[in-house]
Amino acid sequence: MTSFDDLLSQVPIAQIATKLGVDEKTATTAVQAALPTLLGGLQANATKPEGAAGLVGALDNHGDLVEGEGQVDIDKVDVKDGSKIVENVFGTEKNTVISALGATEGTGGNDLIAKLMPILAPIVLAYLAKQMTGGGGNATPTQPQSGGGGIGDVLGGLLNGSGKSGGIGGAIGEALAKNAGGALGNVLGGLFGGKR
């Protein structure tokens with residue numbers, strides 16, 4: 001079952017906290033803020049045929065991160081590749097997104113978010129690859145259709161499956177508003193809403 005909670009359960013928060021030199025509570029808050037933002041950015045890209053095709057192609061390179069019981073080995077995460085993914089997803093808005101997330105209470109600030117996003121991006125792609133292939137093999141699932149097709153549906157399910165509504169902006173706004181008094185949700189909701 002594809003759900004935000006399922007994805008969150010596969011993120012090795014304790015390992016991330018150690019790698020970033022922060023406590024688990026800070027790492028948890030940062031991950032919970034960054035994940036919906038990353039998913040929203042991926043979904044915004046998947047709504048464009050070329051973005052969906054690029055995303056499906058990228059999934060082929062990330063299926064091996066998730067181990068047997070669904071746990072990710074943090075040492076296998078390619079942070080340089082993760083940086084490229086973040087750059088592709090957010091483009092010129094990357095620093096705006098990092099600043100908005102960094103301003104969220106409990107996330108550890110911009111520096112932590114800037115280091116976290118390239119770690120999370122390959123984990124999210126590995127999870128998506130697993131969902132698109134039914135748990136194994138290469139991610140040459142459904143061909144991207146206009147509107148995103150299969151990958152757009154998986155991302156939409158992740159964003160909307162946990163009781164969120166109102167599309168990309170609404171989902172992100174609701175997911176993050178509790179941490180930022182609505183400010184982060186408004187910034188990111190507008191950011192992704194404008195890409196639709």
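Each reported figure results from applying straightforward, stated rules to the coordinates on display, with no laboratory input. Owing to the predicted nature of the structure, the values given are computational and were not obtained by experimental measurement.
Step through the residues of the stretch 88-102 one at a time and calculate ³J(HN,Hα) from phi using the Karplus curve (6.51 cos²θ - 1.76 cosθ + 1.60, θ = phi - 60°), rounding each to whole Hz and writing x for Gly and Pro.
Each residue of the stretch 88-102 in turn: 5, 5, 9, x, 5, 8, 3, 5, 4, 5, 4, 5, 5, 5, x Hz.
For each pair in Lys25/Lys115; Lys25/Lys80; Lys80/Lys115; Lys25/Lys76, compute the distance between the two Cα atoms and list the pairs where it is over 21 Å.
From Lys25/Lys115; Lys25/Lys80; Lys80/Lys115; Lys25/Lys76, over 21 Å: Lys25/Lys80; Lys25/Lys76.
Show the residues, 5+ positions off or on another chain, whose built amide H is closer than 5 Å to the amide H of Val72.
Glu67
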